[in-house]
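Below is a structure I'd like to ask you about.
The values are calculated or read from the model by the stated rules, or taken from the named source; none is laboratory data. Quick caveat: nothing in here was measured; it's all calculated off a predicted structure. Every residue, glycine among them, receives a Cβ derived from its backbone with ideal geometry; neighbour counts consider all protein chains shown.
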Amino acid sequence: MALKGNLRDVGLNQLLNLIYLAHKTGALTVQNDSGSAGKARLYFKEGRLIHAALDGQEARLTDVLVKVGKLTPDQARAVRSRAKVDTDKELGLLMIQSGMLNQNDIIQGVKNYLLETVYQLFTWRGGQFRFEANELPPEERITVAVSLDHLIIEGSRRVQEWEHLRDELPDLDVPLRFSDRPDTNLRNINLSVEQWKVVSFINARNTIRQIANFLKVDEFQIRRIVYGLQTAGLVDVMPTAAPAARPVAPVVPAEPVGRGVLLRVIDRLRRI
């Protein structure tokens, strides 16, 4: 008989702890019901996480490695075009033989994907879940065993971080602007790739939520990125616009918009 319920009643921490302590084998499916789309399927073997899939799709190895930054989309396409059969083992072997990645790169990439998938679930406010015993992932997928004890601890820490970020940045339907504070110290600022991507979309027409949707990052990630930019003194949140003035659909920024300000920020960084 399947175990089912809602994360509002049984927290993800409790579910994972049950699977861990009882050495369960099976698949846990969670459907996000907190207002944003999302469906995750986690597979466990004897109390360890071994595979994950988001949005109802069993991610191929190349897709996983692109998501964690181990491969570029072009490299992934090149590997798939050479594969005789679309299995993770075949794809992994091709990457190793070509010198693109080694075995440790692949294992670590898959592990990072598993961890980030579960960490994302910790930020879901609610979701229908169902655990089916003894279900395992498709045989053609590479699995990596991840212990749940440290994962549960880190997940709990991220819940606390998520609550803090929501307090600091409660409204995502507002645009950002570059800070013009002369006392901002840029000497020790090191922007991540994700922060640079957000910076390139900043203008008065795009809300934080629109930028997140276009870049395909969730609410936790966009809040963390924007908060980091705020803390560094690079951006400010613009005053909340009246509902009627807000765009009703995501807007892709034209290149010239905000470009002068962006170039001035880059120039200041280079001159330090």
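Conditions (1) modelled with pLDDT of 85 or more; (2) among the aliphatic types (A, V, I, L, M), marked per residue:
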{"site": "159", "(1), (2)": "no, yes"}
{"site": "193", "(1), (2)": "no, yes"}
{"site": "199", "(1), (2)": "yes, yes"}
{"site": "206", "(1), (2)": "yes, no"}
{"site": "220", "(1), (2)": "no, no"}
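Is there a residue being more than 23 Å from residue 160 (Cβ to Cβ), surrounded by 17 or more Cβ atoms within 10 Å (Cβ to Cβ) and not small (Gly, Ala, Ser) anywhere in the stretch 1-18?
No; the residues of the stretch 1-18 include none that is more than 23 Å from residue 160 (Cβ to Cβ), surrounded by 17 or more Cβ atoms within 10 Å (Cβ to Cβ) and not small (Gly, Ala, Ser).
Residue check: is residue 63 touching a residue at least 60 places away in the same chain (Cβ under 8 Å), surrounded by fewer than 20 Cβ atoms within 10 Å (Cβ to Cβ) and in a helix (DSSP H, G or I)?
Against the criterion (touching a residue at least 60 places away in the same chain (Cβ under 8 Å), surrounded by fewer than 20 Cβ atoms within 10 Å (Cβ to Cβ) and in a helix (DSSP H, G or I)), residue 63 does not qualify.
Residues checked against (1) assigned by TED's automatic domain parsing to the domain that holds residue 146; (2) among the polar types (S, T, N, Q); (3) more than 21 Å from the chain's Cα centre (by Cα):
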{"position": "12", "(1), (2), (3)": "yes, no, no"}
{"position": "28", "(1), (2), (3)": "yes, no, no"}
{"position": "49", "(1), (2), (3)": "yes, no, no"}
{"position": "63", "(1), (2), (3)": "yes, no, no"}
{"position": "72", "(1), (2), (3)": "yes, yes, no"}
{"position": "87", "(1), (2), (3)": "yes, yes, yes"}
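Within the stretch 157-180, count every residue that is surrounded by 14 or more Cβ atoms within 10 Å (Cβ to Cβ) and under 18 Å from residue 10 (Cα atoms).
Looking only at that region, the number is 2.
May I ask you to list the residues in the stretch 21-38 that are modelled with pLDDT of 80 or more and in contact with a strand residue (DSSP E or B) (Cβ under 7 Å, 6 or more places away or on another chain)?
24, 25, 26, 27, 28, 29, 30, 31, 32
Exactly one condition in (1) over 29 Å from residue 23 (Cβ atoms); (2) hydrophobic (A, V, I, L, M, F, W, C); (3) modelled with pLDDT of 85 or more; (4) part of a loop (DSSP other than H, G, I, E, B) is not met by residue 176; state its number.
(4)
Filter the stretch 67-120 down to the residues that are in a helix (DSSP H, G or I), hydroxyl-bearing (Ser, Thr, Tyr) and loosely packed, with under 14 Cβ neighbours inside 10 Å and list them by number.
Residue satisfying the conditions is 81 alone.
Name the residues in the stretch 1-28 that are of a type in the set (A, V, I, L, M, F, W, C) and within 15 Å of residue 148 (Cα to Cα), would you?
12, 15, 16, 18, 19, 21, 22, 27, 28
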